[in-house]
Structure formats: structure tokens, C-alpha cells
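The values are calculated or read from the model by the stated rules, or taken from the named source; none is laboratory data. Bear in mind that the values here come from a model prediction, so they are computed numbers and not experimental data. In this analysis, Cβ positions are derived from the backbone assuming ideal geometry, glycine residues included, and neighbour counts consider all displayed protein chains.
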């Protein structure tokens, strides 16, 4: 679990909520244990359109004024003001009862900020709460316990928050509130995972997920993680990625970890998916193939994670995700490489990654006419009719692993096969659906070197749109 700048214990349930209206601050009784405190104007802003969506993803629980201001200004198009709702699973034990709203109401363009403290999953159906959310233009999830937030899945709250983004508003949060804003949520409902524990057993009880909560535009297949460098969480994010891919939690067979450090680091994401880092450090970690070993009770093995390190002011395009500029790190038998948080970016990656680029040359519709390649290489070609087959030939030495990842265009559904020298299928990838990416991994256990064939075939559909296959051996 993740901690908020101010802890919010269940002792807050003992607070007797009174109705107060004074100096622009109102507090009203609400359903069950839910508590509402509003700062600023008692009336909501009403205007026909907004210019978002916009998002803020913070590494710790505190509001980052710079990224929050950017989101507010974007949503209101630098004119007028808007309303914000802060959602919390528990209340502070000391200091202000509304620490997030204390900061937010001091920013230009804020009409009101309402803090809701919800201590039961059923509070997500509170009528006044959902009215406040739907009337707001930004929803901020406070730090605390993301398992409590995940329990709001399926309540009216979930749809209300989605409606804010849909109308051009925004969402965000810090620490636990960061976790809940990714499409795959590390929920920490059983225990808090450590890097060492998750790498030793990616199916440890502490590694659990909630899916189907929110799936923000351009931010699919993501797993957020907080307090990233300060609490050494790269290893556990690597385990989260491997689990998400192995368990089929992603849409394309790839998973993207987004780790944001504490101390004021925050990512602002605009409606086009362009992210800008405010603060010090953030990391985007890509797993683009099946893990070599991800089994309950056994240590993780996963080679060649692709890692982008962002520093203050740098950007990352989540809509058109980059295919270069990363460094690589691996995990072998539960032990991660050294220097996980720094590396020299690769600049000759090609698309989608690595070495030279080879375009298919027809005819290559059989093993006899296969195009010879030498990994690492990026292959490009097209399956131009329903009977098209493309073959590529390469050698693999004893103990070496071939890893092939193919990005398939939306025009057709292609399947990928790895064949031995006699044409027998060693492994295959047959994900269903046009545009579904495919990947295979194979390790040669026989002595010496052998000849292998990569075969792509059109399962459904065809066309001139090109596929890209990244072929690597290690």
C-alpha cells in the first residue's frame, strides 16, 4: 500500500459531521460515514464546454501546483474557473482536514474544491457525492490506500468520474491516487509488494491487480507506481509488467509501467496523450514479449525491458509511443541487472526496435525462398492477399534465445510461427483480432547452431499495410 503525506485512519469515523456555512466553507452531513467539506464558492460553475481532458499523475500524495495549474488552465482554456472534487479513503490525524483543497483553492481558476472522505465501498453510491463529482471539472484522488479506491469499482462513483473526463474535464492523484488512474491498478489489497519479494515470486499474495476501473484516452495498458526511486520500486514494476502480460491483462500483449518518484515529481498528460514531467524523475518501462519464466512460487526471468528515463521538462508521447530512446535491463532467476535507474539510450532502434531494417522481398512464400536475416533486425512487409505467407531464415546457436515481436496493422489478423529446419512448428503466436500483435520466444537447447524460419501468414484479411517484426537473439 502507499502512504499519503498525511495519514487518514479510521478514527475519523468518530467525527460528528455538522452543517457549517461560514467564510465560503461548507460542511454537510452525508450518507453513512461519508464526510463532505467544501471550500470556496457554494455554487458550481456552469458553462457549455470544456477543453480537456487533462491528467496529473503524482509520485507522492501532495498536490503539485505546477502540473495542477497546467491541467486547470487547459480544461478551462485559460478563461473562467472550474470546480474540483478530492476523493479520500480516510481523513488526516492532524493538521488541516482538507490538505489537498487547501493547495488547490489557492490556484488561479478554481471556483471551489470539495473534499469527500469515504470509508466504505457503499459510499461510492452516495447521491450528493455523485452530484458533486458530475458538476466538477477535475477529480483528484488523494494518497492513502488504493485498495479502498478499487472497491469503488462498480459503484456510481466510477461512472461519475468517467463522465468528468468525457465532458473535457480531468482526473489525477498522488501515491494511492496515482495507482488508481492507470488502466491496470496495482491494488495492494493483500499486502504491500517489495521489489525483492515480487521478483522472487511474481505471484506472491502481495501482487494483485484491479482492472476495468478507468481507462483514460491514450493511456491504455499502463500500470502506475509511486515513490519510485526513493522506495526502489523498479523491480516490483518489472514483476507487475510480466504478470500483466502473462495473465492477459493487456490489450496488445505488451505492458507499460509508469513509475514516478516522490518529492514533487508529477506527469501532466494532455488530451493528445503528450506527457510532460514536472519535478525530477519518472520512468516508462515497456515489456513487449512474454516472460521467459513467470510461475507461481518461482523467481522471475524476463529479458530486455525497455526503459525511458524522464527528467524535469522532458516529454513522452503516450498516443504515439516511441520506439527508440530507451535503455535495456533484464531479470534472471529473480535477480535484476544493476543500474536499473540509469542507462545509455539506444538511438539506432528502428521500428519497432533494434539493429538494421530489412524489407521483405517477394517471392518469399516458402522456406526455399525465405529471406535471410541476421538478428538484431527489424523486418517490414505486408500480407497482400489471404493466401500470402512471408518466410525469414536465421541461425541460432546453442543456449541462445530468439525473441520475436510483431506489430500487426489493423487491416488484418496475422499469425506468427517459428519453424525448425524441417518446417515443424516449434512455437506460435495466434492472438485473435485484426491489429493484434504477436510474439514468440524460443531457446535452442541442442548443441551447435541450427537453422530456423519465421513464418507470418494472413489468418483473416489482407492489405498493403505493413507489419513490423523485431527479431533479437541473446
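The table that follows gives values for the structure above.
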read-out: Selection count, the range 84-102, where residues are buried (at least 18 other Cβ atoms within 10 Å of the Cβ) and either assigned to a helix (DSSP H, G or I) or more than 27 Å from the chain's Cα centre (by Cα) (or both); value: 7
read-out: All strands (runs of 3 or more DSSP E) inside the range 336-430 with 2 or more residues being surrounded by 19 or more Cβ atoms within 10 Å (Cβ to Cβ); value: 377-381, 389-397, 401-407, 413-419
read-out: Residues of the range 193-228 classified as at negative phi and under 17 Å from the mean Cα position of the chain (by Cα), total; value: 18
read-out: Residue list for the range 253-291, filter: in contact (Cβ under 8 Å) with a residue 60 or more places away in the chain, within 16 Å of residue 216 (Cα to Cα) and assigned to a loop (DSSP other than H, G, I, E, B); value: 270, 271
read-out: Residue match in the range 212-221 (condition: assigned by TED's automatic domain parsing to the domain that holds residue 75, modelled with pLDDT of 95 or more, over 25 Å from residue 151 (Cα atoms) and crowded, with 19+ Cβ neighbours inside 10 Å); value: no
read-out: Within the range 130-146, tally of residues that are in contact (Cβ under 8 Å) with a residue 12 or more places away in the chain and part of a helix (DSSP H, G or I); value: 6
read-out: The listed residue being at pLDDT 50 or above and either more than 30 Å from residue 257 (Cα to Cα) or not assigned by TED's automatic domain parsing to the domain that holds residue 131 (or both), out of 63, 25, 45; value: 45
